[in-house]
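Report on the structure given below.
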Amino acid sequence: MTTTVGMAQDSMANPESALAPRPLTRFPARQAPVRQAKAASLALALAALAGCSTIDRVSNAITGGPSLQPGQAGYVQGFLGNVAAEEPRAATVARDVLSAGGSAADAAAAAGFALAVTLPSRAGLGGGGACLGYDPRRNEVEAFLFQPGAREAAPRGADRPAAIPMMARGLFALHARQGRLPFERTIAPAEGMARFGTPVSRALSADLAAVAGPLLADPVSRAVFAPGGSPVAEGTTLTQTELASTLSSIRTAGVGDFHGGGLARRVEEGSAAAGGSLTVAEMRAAVPQAVAAAQERVGSDVLGTLPATVDGGATLAAFRATAAGGAPAVVAGSFGASTSVVVQDREGGAVACAFTMNNLFGTGRMVPGMGFLLAPAPGMGGVQPPPLGAVLLANLNVKTMRYVGAGSGQGAAPAAAGGPAGLHLGRRVPLAQAVASGAPEPGRGVAITCQGSVRASNCSAVADARGFGISTGND
């Protein structure tokens, strides 16, 4: 079954009253034993209704400890889950969201918006991607498809036709189905990094070095990435005030406004100046899809991959090949122009996302006044949409994830997702070794595995050591 997420759903009227914690009575320090016993019983009763997070809140209220609320980093104590991403700051943003009580979907959405700031060469508001998600509450492996949208025809006068931006709407769709915190909480970290600046990562620095010449020919892009005349270097602070303003507008006015309101009209005007010539009508009509993942049984578990329309079936083929002791086939492709992130939460939920700009730094042109690059329209000017790779293994009987992985690297991306999964799950190769040896060049993989129940001692995360990413989590 296919679900489209459109204008009716992506407004910011996103009530969270059911999640808001109610005020709790603080008992005096010198309370009678009977009253203490009643308080403990209350804590246990609430815990039975709402799980460990309620224990934390009630226990803090009884003992006088810190009283953090859902949405605040540090709210969750102990095991958080795990994150692996190809850019370090996106990984730490996702980890903070888990620490604030967010689900894997909340954390993955926040990482996606963060990558639009920290790695705009491979992810951004002008691009898109695809995700796999497993939420124990829904108990199904779902695929969320929001690749940079194709155009029906080349617009007149556009020298670099732009793909229809899908990133914000796609992340909203993921959150709408599997999120727990308010959606605006997933945008705020990226907005802050763009407004106040964030150090240039090694990943972004390497991408800038690869295409600095043509990218900096665009004066709008040059003002952001080479404000002093030379490309910003690793470790220097990159500030993107126009992107921060756009993210702020999406956070307050809603994703719908970006696709059919005042923000959409600004994109229409700005994209014409950048040679991309998008229209409000095209942006309004473009909606992500939530569909069942391509699936097959692996013992008592269900293995999900992105539909063949996204990866050509290559991820599943790579899994089968490596699990059987062979080598995965790699679709011909050029230098990697995508990136990936995987997240696991402590409730057994998981998300794998692959993001793309269809080309390194997209069209190389930025929307004036809005701070984001446009992705090239697939099928025009020789641009082919890159295959995206993600894999997710879950046990629907006990309602928990077992493995989640994703890959980047253009044509090698599906093999970078499916190959390590096949080695680790089928041949019991240690995760770090499986990721390094199962992802063929120029592919890079990220993965999380849990052997047994979901807890710190059973779960681990890995980012490909050949890349620039990190893994973080546990406690």
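When you scan the stretch 191-257 for helices (runs of 4 or more DSSP H) that lie fully inside it, which ones turn up with 1 or more residues that are open to solvent by less than 60 Å² (accessible area, probe 1.4 Å) and farther than 16 Å from T363 by Cα?
Qualifying helices (runs of 4 or more DSSP H): 202-215, 241-253.
Give just the number: which of (1) open to solvent by 20 Å² or more (accessible area, probe 1.4 Å); (2) more than 24 Å from L374 (Cβ to Cβ) does Y134 not satisfy?
Unmet condition: (1).
Those residues that are out of contact with any strand residue (DSSP E or B) (no Cβ under 9 Å at 6 or more places or on another chain) and either free of Cβ contacts under 8 Å to residues at least 12 places away in the same chain or at positive phi (or both), I need them from the stretch 453-471; list them, please.
Passing the criteria: only S457.
So, restricting to strands (runs of 3 or more DSSP E) that lie completely within the stretch 373-475, which ones have at least 2 residues that are open to solvent by 40 Å² or more (accessible area, probe 1.4 Å)?
Once the strands (runs of 3 or more DSSP E) in the stretch 373-475 are filtered for at least 2 residues that are open to solvent by 40 Å² or more (accessible area, probe 1.4 Å), what remains is 470-473.
Can you find a residue that is among the aromatic types (F, W, Y), open to solvent by less than 20 Å² (accessible area, probe 1.4 Å) and under 18 Å from Q344 (Cα atoms) anywhere in the stretch 146-158?
Looking for residues that are among the aromatic types (F, W, Y), open to solvent by less than 20 Å² (accessible area, probe 1.4 Å) and under 18 Å from Q344 (Cα atoms), one finds none in the stretch 146-158, hence no.
Identify all residues within the stretch 275-288 that are touching a helix residue (DSSP H, G or I) at 6+ places or on another chain (Cβ under 7 Å) and either surrounded by fewer than 19 Cβ atoms within 10 Å (Cβ to Cβ) or within 13 Å of G371 (Cα to Cα) (or both); write none if there are none.
Result: T279, V280, R284.
The values are calculated or read from the model by the stated rules, or taken from the named source; none is laboratory data. Computed from a predicted structure; not experimentally measured. Neighbour counts run over all protein chains shown; Cβ positions are idealised from the backbone, glycine included. Quick note on the areas: whole protein, heavy atoms, side chains included, nothing else; ligands and nucleic acids left out. Shrake-Rupley method; radii C 1.70, N 1.55, O 1.52, S 1.80 Å.
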